[in-house]
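The values are calculated or read from the model by the stated rules, or taken from the named source; none is laboratory data. Keep in mind that what you see is a predicted model, and the values were worked out from it rather than measured. Cβ coordinates were reconstructed from backbone atoms using ideal geometry, including for glycine residues, and neighbour counts include every protein chain displayed.
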Amino acid sequence: MPEKIFEHYPKSEKSNLIPILQDVQDKYGYLPERLLLEVADYIDIPLSRVYGVATFYNQFRLNPLGKNVIRVCRGTACHVKNSANILQAIENELKIKAGQTSRDKMFTIETVACIGACSIAPVISINDEYFGRLTVKEIPKIISKYKKEVKYEKNELTVAG
Amino acid sequence: MVEFSINNINVKAENGMTILDAAKSVGIDIPTLCHMKDLFPTGACRMCVVEVDGMRGLTPSCAFPVAEGMVVQTNSPRVRRARKTIVELLIENHPQDCLICVRNKNCELQDLSEKYAIREHRFAGEKKNHAIDISSPSIERDPAKCILCGRCVRTCNEIQKIGAIDFTNRGFRSNVTTPYNKGLNVSDCILCGQCILACPTAALREKSHSKEVINALTNKDKYCIVQIAPAVRASLGEEYNLPIGTNVTGQIVTGLRRLGFRKVFDTNFAADLTIMEESTELINRITSSGVLPMFTSCCPGWVKFVEQNNPEILNHISTCKSPHEMEGALLKTYYAKKMGLQPENIFVVSIMPCTVKKYESDRPELTEENMPDVDAVLTVRELVRIFNMAGIDFNGLPEDEFDNPLGVSTGAAAIFGTSGGVMEAALRTAYSKLTNQILPTLELNDLRGMSGVKEASIIINGKQINVAVVNGIGNVREIVKDVQEGKSKYHFIEVMACPGGCINGGGQPIHQKPEKIKKRMDVLYNIDTKSSIRMSHENPIVLKIYDEFFGEPNSLEAHRILHTSYIDRKSILRNNA
Amino acid sequence: MKSFLEIQFKNQYHSPETPKSDFLIKCSNPSLSPTQDNELNKYVAELKHEKHEVPIIFIGADTSGLASGAGKVKLAIETELQKLNIDAKIVLTGGMGFGAIEPTVDIKLPNQDRIIYCEITYKDVPELLKTTLIDKRIYSKKVFGKYGKTEGSILNIYETPFFKNQKRVVLKNCGIIDPNYIDEYIVSDGFKALDKVLRNMKPLDVVNEIIESGLRGRGGGGFPTGLKWKLANAKISENKYIVCNADEGDPGAFMDRSVLEGDPFNVVEGMIIGGYAIGADFGYIYCRAEYPLAIQKLENAISECKRYGLLGENILDSGFKFDLKIKKGAGAFVCGEETALIASIEGKRGMPKPRPPYPSDSGLFGKPTVINNVETFANISNIINNGSKWFAGIGTEKSKGTKVFALSGKIKNSGLVEVPMGISLRQIVFDIGGGIPDDKKFKAVQIGGPSGGCLPDAVLDTPVDYESLKQVGAMMGSGGFVVMDERTCMVDVAKFFLTFIQNESCGKCVPCREGTKRMLEIIERITKSYSKEESKADVLQRFKGVIHLQRLAEVIKDTSLCGLGQSAPNPVLSGLQYFREEYESHIYDRVCESHVCKELLTYKIETDLCSGCGLCERKCPNEAIVGEKKHPHFIIESKCIKCGMCVDTCRFDAISVN
């Protein structure tokens, strides 16, 4: 059964590879293997080519993300304002490194080249919220807010169960 | 024509020619790594950079056209420094394993290091770290030795149009591999080995079975028999610096005897046998409205391609085994009986120009009562290494003849090793069988040469038979599509996965001299023209075997021993993705 | 009247299917449509904010503004308006560029000038609205300036220090108009150039006009735009393409983003004119996926243009057909390079190709292609409207026009500025930028992003133009402008940019893939820890690396396939040129003067300042701090990984670093 996502792209048109992969990732949060196979069939190119494109670009993920995605800006302006320390503080707090997802799948840390909010450097974003003019001291408090939300959900489950 | 100067030498060259080619025309050699003749330059390796007056940086000579009045320097200090640094950078991300590497003394990185007198490690640092892929019985991948020249990727994608491997990741983490870095055995690869021929280092190489063969030779209980493919005799001499296109059959036979093989037979014999079976099969399909077109089955890479991609047309492929498998099957049944040998003690070795044959010999269908028809396949390169280890001075060997009976063959068998050869051989026999006459010219020139798809028509008993020859698996898709849609106009199609046929197989000597295909082909065509018997159905031993053993082609017994079946691998691979 | 599509021309409406060539002229000139005169006049006055009955509240809601909290401010304003039961119109504009004072909120009362308020948080909203909308006074606590004549202490925006020395051409409309509203764009001289081109000029006329203006590519290359267009115009081909490079990948650059979020129609107009000039019938805007707001604004602009028949078949009845499509980048800095960008649009890995063939010969899908930067396209309409002579009158002899820079780093007034070419770096840093905050000393300015160079105070009087910057070892680049002070380590900066380049290298050619990695390793060894156990081999390797650094850098520059590799050594080479002593003190003295290279620092707890609270001990990731409660603590040097967490945590400033 061909994916509904593909339907409005003409078959066998190679230049649509990247937009199709972007749509797949928008829907699933990452690029599942079986979908890469389907894309290869639909566009009529070898799977190795789809995989080669998927691993070339920063945007594409071959593994799912955690519930909360923390993006630390490592652009020039943020670097000059010590974003490296911010990153390290977050890594220490969550006990994972950039590019990894925590075991309970609640947090993923990513670095991005530039968020574009240089005037309030250093900047991080968690999901869609921005935190600017950050200092290392604030990190534990900010992260615990998201950890608390996790705990709250867990309680809900036990109540319902 | 444009006039310009290279190294203060005045040169005249065609408009649009690259600096690289123009330099070669006046005897100036510029080193390359990523360059592939007949393919568009990618400009990746930067080895070929030269200094051109007026240009800001150094210019890649493989990708830049000559211009009137251009001033080029190919050996200035700036150029030398650049080339040296590029080689050093490649070396620093490469294992320093030359002494124990299979391409020691035939490696392009070694050649460059030697040429540019690299004597120190200026830029030592992190080296890439990849595991070796030994999942397939034919080809080993060693990405740690890869210099990312891209030749294998282009061969697999642009020439063979399979696309089993490609560049993945980016920058320093770039790696040429299969999707998800899975083993080659579960990828789209058909094991043709063209990538090995393209690879400048040992990043791609055949899986070696030399140990099994040497053990068998040393084992007193084993009766070792060896057969050599048609294309082997045309190329093996190149490993000993003999001119390309030297026929070294006699010396190979002597060498093999000296290694200890009890019998040295010729695969060409079985090629004649194959023609008997296959032409009868074709005639039957044509006269009794069987499945047409029929495809040849002697190329295991082609068979694997259909099993993996288009299993729905498997019924079009001839059920004949490939020649060396037929010979192995014969040896373990008819020959064993005749010689009073126990089949389980017979060890059959095939010397092949091919890598897929290693995988083919492992196929469970190609067995006789759980004994494989062929026990081990060695490439030409492996045999040469065994010769060398045994101290055999090849160039000094006297010539000798194949053993009987499986050493007798015809000219038609010899040309199996070239693209179009199987078709020619088959038509010579089919024509005679049906008309009781001989083809006016035995050489069917329409089927020879390097075109991607060659076709011919021949009138047999008033009916037009259309045939096609696919030269290189990269040219097969249109024909397969037509067959799928039932639109094919052909009756019989030969498909060889390697461009040029087996003489350019993945197991042949590795070098980039452009004349290798033509000259090797000529050897085989010459054997044909000089043969006294040039049609398979006139091979006396072949006829004897039918008398004594099989009765007639396509008989029940012939089917049991000489025919095989195929598997739908597409569903297996997809379900396990 | 709800939109300009309701104007009638001789009893017929303009539409994409029935285009009227006079449509645009009539939109901005009410006198030309006598039947709709009054209604049109009223509508135009509304669009220009000349006549309105309710107050208008403009919020700078581009990505930079939103990151500063403009979203929260908007919600707060909506809530407050409801509470006060006041009717007001909220318009979300792009950013005017002064990042340091965002979020901005402009308030325009009927029949009064528009007043600009800065640094508005959601907490300020109740007081702001009460003061301005109810008391009808200025909220002087947060007033920044105004549009219209200076009144007392409230300056016209263009007389404020930040804007005084700027010349706003490309950024003309950013932060002022509603970027989603095509009609507002039309009355702000929008599409006037397109109208002029389609009705009065031939393609070659447009090309020549651009050539004479002297416009050069604003993406960094500086190639004469008119010449590029001329080459493509001359090619005969059934299909040609014009592409906008909106892949702005330089970390710290947000010029293109601001233009796309603040004035997208201008860019579209520039592309249509470009398409006409070279004979292309299709265009692509390649925008990086990390700019979702810009993409949204562009998508809206394109669909509005289609609705108005300004994209599609027979535009304005001229016979010219042109369409635009957006391609989202997927995260690869190298795709800012022309041939890599083309490969990406074609669905391949973004790996550059050798030139020749040049894109104007054989580019996208093998057809003649012109690729220009966002800022380049944003200049086109202004050149056509004001004439090439006007444009050539701005700037220097070889570098005409203005340039947009993104000021960031250690500078008081960070944000987007547009200055005429030829202004000196010093003027930008101190006059417009306001100098270094916290009374620190200026050290260097990085121009051109990771491919540029760091320039010290000694060359700060260099004029900003393509040739002069190259001469001092930097390059114009796309407009990144990062200021550094004495607290920045130049070796660390080189390491930072090399790391970025290494991550973004496509990996195709040997010098960039392998060479930049080796350069980075050499620099990293310089900044690595000095421990007494360092082996002689390590020391030798460190020195060897530095000796060979220059050679390696030069070969990489000489042989790389594309601009990324060719300019990768620039941070190192310019660092060695201007800050050699700093490099040497790292290598030989093993000291980092700016206290940035952590591994070269020693952390010590001052016993007389330490209160023994134990906070640092808990924060230390490597358990390197020991001590009893209420007694001074101690750092075990061999366990210290120099992360600096303790310094950041200590409330008593008891930890000294040297």
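Filtered by the rule that a residue be under 23 Å from B:Asn504 (Cα atoms) and in a strand (DSSP E or B), region B:459-479 gives B:Val467, B:Ala468, B:Val469, B:Val470, B:Asn471.
Within region B:135-164, residues that are free of Cβ contacts under 8 Å to residues at least 12 places away in the same chain and within 14 Å of another protein chain (Cβ to nearest Cβ) sit with their Cβ atoms under 7 Å from residues that are assigned to a loop (DSSP other than H, G, I, E, B) and surrounded by 22 or more Cβ atoms within 10 Å (Cβ to Cβ), at 6+ positions apart or across chains, in these pairs: B:Asn157/B:Gly163. Considering (1) within 14 Å of chain C (Cβ to nearest Cβ); (2) within 32 Å of the chain's Cα centre (by Cα); (3) under 24 Å from B:Leu109 (Cβ atoms), the lone condition that B:Met17 does not fulfil carries the number (3). Quick check, is C:Gly283 part of a strand (DSSP E or B), of a type outside the set (Val, Ile, Thr) and either in contact with a Leu (Cβ under 7 Å, 6 or more places away or on another chain) or surrounded by fewer than 23 Cβ atoms within 10 Å (Cβ to Cβ) (or both)? Criteria met by C:Gly283.
In region C:330-357, of all residues being basic (Lys, Arg) and touching a residue at least 12 places away in the same chain (Cβ under 8 Å), the one that is nearest to the other protein chains (Cβ to nearest Cβ) corresponds to C:Arg349. Go through region B:317-355 and report how many residues are among the small types (Gly, Ala, Ser), farther than 17 Å from B:Gly505 by Cα and within 29 Å of the chain's Cα centre (by Cα). Total satisfying the criteria: 3. Scanning region C:580-596 finds one or more residues that are within 13 Å of another protein chain (Cβ to nearest Cβ) and buried (at least 19 other Cβ atoms within 10 Å of the Cβ). Applying a threshold of 8 Å to beta carbon distances and a minimum spacing of six or more residues, or different chains, the list of pairs starting in region C:601-616 at a residue that is in a helix (DSSP H, G or I) and ending at one that is surrounded by 15 or more Cβ atoms within 10 Å (Cβ to Cβ) and of a type in the set (Ser, Thr, Tyr) reads C:Leu615/C:Thr649; C:Cys616/C:Thr649. Counting only residues that are surrounded by fewer than 16 Cβ atoms within 10 Å (Cβ to Cβ) and not in a helix (DSSP H, G or I), region B:424-442 holds 5 of them. Of the residues making up region C:501-522, at least one is in contact with a His (Cβ under 9 Å, 6 or more places away or on another chain) and of a type in the set (A, V, I, L, M, F, W, C). Annotation: of all residues in region A:13-66 being within 14 Å of C:Glu346 (Cα to Cα) and exposed (fewer than 15 other Cβ atoms within 10 Å of the Cβ), the one that is nearest to the other protein chains (Cβ to nearest Cβ) is A:Lys14. Beta carbons closer than 8 Å, at least 6 apart along the sequence or on distinct chains, pair a first residue in region B:194-210 that is touching a residue at least 60 places away in the same chain (Cβ under 8 Å) and surrounded by fewer than 22 Cβ atoms within 10 Å (Cβ to Cβ) with a second that is part of a loop (DSSP other than H, G, I, E, B) and hydrophobic (A, V, I, L, M, F, W, C) for B:Ala198/B:Met36; B:Lys207/B:Ile134; B:Ser208/B:Val102. Pick from B:Ile572, B:Ile567: which is in contact (Cβ under 8 Å) with a residue 60 or more places away in the chain, aliphatic (A, V, I, L, M) and under 25 Å from B:Glu360 (Cβ atoms)? Matching residue, one of B:Ile572, B:Ile567: B:Ile567.
The rows are residues; the columns are (1) assigned to a loop (DSSP other than H, G, I, E, B); (2) within 9 Å of chain C (Cβ to nearest Cβ); (3) modelled with pLDDT under 85.
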site: A:Lys105; (1), (2), (3): yes, no, no
site: A:Ile109; (1), (2), (3): no, no, no
site: A:Ile115; (1), (2), (3): yes, yes, yes
site: A:Pro122; (1), (2), (3): yes, no, no
site: A:Leu134; (1), (2), (3): yes, no, no
site: A:Glu138; (1), (2), (3): no, no, no
site: A:Lys145; (1), (2), (3): no, no, no
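Being more than 14 Å from chain A (Cβ to nearest Cβ), modelled with pLDDT under 95 and over 26 Å from B:Cys34 (Cβ atoms): is that true of B:Asn185 here? Against the criterion (more than 14 Å from chain A (Cβ to nearest Cβ), modelled with pLDDT under 95 and over 26 Å from B:Cys34 (Cβ atoms)), B:Asn185 qualifies. Scan region C:532-555 for residues that are part of a helix (DSSP H, G or I) and either of a type in the set (S, T, N, Q) or within 28 Å of the chain's Cα centre (by Cα) (or both) and jot them down. Passing the criteria: C:Gln541, C:Gln550. Take the conditions touching a Pro at 6+ places or on another chain (Cβ under 6 Å) and under 24 Å from B:Ile503 (Cα atoms) and apply them to B:Glu382. Does it pass? It is false that B:Glu382 is touching a Pro at 6+ places or on another chain (Cβ under 6 Å) and under 24 Å from B:Ile503 (Cα atoms). Checked against the criteria, A:Val69 counts as surrounded by fewer than 22 Cβ atoms within 10 Å (Cβ to Cβ), closer than 28 Å to C:Asp648 by Cβ and away from chain B (no Cβ under 14 Å).
Residue-wise test of (1) part of a helix (DSSP H, G or I); (2) out of contact with any strand residue (DSSP E or B) (no Cβ under 9 Å at 6 or more places or on another chain); (3) at pLDDT 95 or above; (4) farther than 22 Å from B:Val26 by Cβ.
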residue	(1), (2), (3), (4)
B:Arg78	yes, no, yes, no
B:Arg81	yes, yes, yes, yes
B:Ile86	yes, no, yes, yes
B:Glu114	yes, yes, yes, yes
B:Thr155	yes, yes, yes, yes
B:Glu158	yes, yes, yes, yes
B:Lys161	no, yes, yes, yes
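Among the numbered conditions (1) closer than 29 Å to B:Ile503 by Cβ; (2) exposed (fewer than 14 other Cβ atoms within 10 Å of the Cβ), the only one that B:Asn526 does not meet is (2). For region B:526-533, state whether one or more residues are in contact with an Asp or Glu (Cβ under 7 Å, 6 or more places away or on another chain) and either at pLDDT 95 or above or of a type outside the set (Ser, Thr, Tyr) (or both). Within region B:526-533 (the criterion being in contact with an Asp or Glu (Cβ under 7 Å, 6 or more places away or on another chain) and either at pLDDT 95 or above or of a type outside the set (Ser, Thr, Tyr) (or both)), the answer is no, since none of the residues qualifies. Within the bounds of region A:78-90, is there any residue that is touching a Phe, Trp or Tyr at 6+ places or on another chain (Cβ under 7 Å), within 30 Å of C:Val491 (Cα to Cα) and either assigned to a loop (DSSP other than H, G, I, E, B) or within 12 Å of chain C (Cβ to nearest Cβ) (or both)? Looking through region A:78-90, at least one residue is touching a Phe, Trp or Tyr at 6+ places or on another chain (Cβ under 7 Å), within 30 Å of C:Val491 (Cα to Cα) and either assigned to a loop (DSSP other than H, G, I, E, B) or within 12 Å of chain C (Cβ to nearest Cβ) (or both).
Listed here are the residues, each with its yes/no results for (1) within 34 Å of the chain's Cα centre (by Cα); (2) within 13 Å of chain C (Cβ to nearest Cβ); (3) under 30 Å from B:Thr355 (Cβ atoms).
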position	(1), (2), (3)
B:Val52	no, yes, no
B:Pro77	no, yes, no
B:Ile91	yes, yes, yes
B:Asn104	yes, no, yes
B:Cys107	yes, no, yes
B:Arg122	no, yes, no
B:Lys127	yes, yes, yes
B:Ala131	yes, no, yes
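Exactly one residue out of C:Phe223, C:Phe163, C:Phe144 is farther than 30 Å from C:Val370 by Cα and under 22 Å from the mean Cα position of the chain (by Cα): that is C:Phe163.
When C:Ser318, C:Ser303, C:Ser360 are checked against the criterion of being more than 30 Å from B:Asn15 (Cα to Cα), in contact (Cβ under 8 Å) with a residue 40 or more places away in the chain and among the hydroxyl-bearing types (Ser, Thr, Tyr), a single residue qualifies: C:Ser318.
Out of curiosity, is A:Ile115 farther than 30 Å from C:Lys619 by Cα, among the aliphatic types (A, V, I, L, M) and buried (at least 16 other Cβ atoms within 10 Å of the Cβ)? Spelling it out, it is not the case that A:Ile115 is farther than 30 Å from C:Lys619 by Cα, among the aliphatic types (A, V, I, L, M) and buried (at least 16 other Cβ atoms within 10 Å of the Cβ).
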